[in-house]
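The values are calculated or read from the model by the stated rules, or taken from the named source; none is laboratory data. These numbers were taken from a predicted model, which means no experiment stands behind them. Neighbour counts run over all protein chains shown; Cβ positions are idealised from the backbone, glycine included.
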Amino acid sequence: MKLQGRGKLLKIYIGESDKWHGESLFNAIVKLAKKEGLAGVTVYRGIEGFGASSRLHTSKILRLSEDLPIILEIIDTEEKINNILGKLDEMINEGLIVLQDVDVIKYTSKEKEKKEV
């Protein structure tokens, strides 16, 4: 897959305990991104944060560390990102989804490099 030039960065902010059909929501989103052929996804686990409810989630206090913040980042073409937004809207009951324009400088795969040699 070649990805270069203008693209979109999709950032999804959810909670670690959020579920989709009994599975961790972040894991379900990763599976969706792979199924839809997106360039990739990275999942970050936060150590502290709060959202719309203003409820603090922190790793400092054991009883508050059960629902730490999760951020997923996906970068791909505008078309591919737009294709999954409706599915994400259905999956995410509470969270934040943001979209930014990005300039992709380089996106390569070691497997592709081996094939070209």
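Worth pointing out:
- When Leu25 is tested against the conditions (1) farther than 27 Å from Lys80 by Cα; (2) modelled with pLDDT of 95 or more, the lone failure is (1).
- For region 65-79, a residue qualifies if it is in contact with a Lys or Arg (Cβ under 8 Å, 6 or more places away or on another chain), surrounded by 13 or more Cβ atoms within 10 Å (Cβ to Cβ) and charged (D, E, K, R), and the qualifying residues are Glu73, Asp76.
- Condition check for Arg45 on (1) modelled with pLDDT of 95 or more; (2) surrounded by fewer than 17 Cβ atoms within 10 Å (Cβ to Cβ); (3) under 18 Å from the mean Cα position of the chain (by Cα); (4) farther than 27 Å from Asp103 by Cβ: one failure, at (1).
- The requirement of being outside any loop (DSSP other than H, G, I, E, B) and either under 20 Å from Lys19 (Cβ atoms) or modelled with pLDDT under 95 (or both) is not satisfied by Glu94.
- Subset of region 48-81 that is of a type in the set (Ser, Thr, Tyr) and out of contact with any Ser or Thr (no Cβ under 7 Å at 6 or more places or on another chain) - its residue that is modelled with the lowest pLDDT: Ser54
- In region 27-40, residue surrounded by the fewest Cβ atoms within 10 Å (Cβ to Cβ) [restricted to those that are in contact (Cβ under 8 Å) with a residue 12 or more places away in the chain and out of contact with any Leu (no Cβ under 6 Å at 6 or more places or on another chain)]: Gly37
- Scan region 1-33 for residues that are of a type outside the set (A, V, I, L, M, F, W, C), closer than 12 Å to Leu72 by Cα and in contact with a strand residue (DSSP E or B) (Cβ under 6 Å, 6 or more places away or on another chain) and the total you get is 3.
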